[in-house]
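Have a look at the structure below before the remarks.
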């Protein structure tokens, strides 16, 4: 690999990292603002849940649905909603022990996973 190829590969890698990092930062900022705006207006029974990881996932998804349905031409809002959903899901995955939950769910369960190898069946006359 030449120095130019390495530089190009690093450039693409850094570009992707920048895009993901920016989306994370924008999403986090949008979630903070969304939580502050919606929290006081939410029904009393759900206010305590809004400022939690799962509450933020729900808020981000409501924002995304509203953006698509009511403001489909507002690129800024659509990006903000996408970024909020990205950041909220990232937070949920960091907060929950996903590997432990999956392990607990599958513990003691036997699952035969089909393979992609073709099977042949024969009948008595062949």
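For the range 41-53, the set of residues classified as more than 18 Å from residue 92 (Cβ to Cβ) and touching a helix residue (DSSP H, G or I) at 6+ places or on another chain (Cβ under 8 Å) consists of 42, 47, listed by residue number. No other residue among 44, 59 is in contact (Cβ under 8 Å) with a residue 12 or more places away in the chain and either exposed (fewer than 15 other Cβ atoms within 10 Å of the Cβ) or under 22 Å from the mean Cα position of the chain (by Cα) (or both) apart from 59.
Among the conditions (1) at pLDDT below 90; (2) within 30 Å of residue 64 (Cα to Cα); (3) surrounded by 10 or more Cβ atoms within 10 Å (Cβ to Cβ), the only one that residue 100 does not satisfy is (3).
Restricting attention to the range 40-62, the residues being under 23 Å from residue 96 (Cα atoms) and not in a loop (DSSP other than H, G, I, E, B) number 15. Taken together, the residues in the range 64-96 that are surrounded by 10 or more Cβ atoms within 10 Å (Cβ to Cβ) and not in a helix (DSSP H, G or I) amount to 4.
The values are calculated or read from the model by the stated rules, or taken from the named source; none is laboratory data. No experiment lies behind these values; they were computed from the predicted model shown. Don't worry about glycine lacking a Cβ; one is built from the backbone with ideal geometry, like all the others, and counts go over all protein chains shown.
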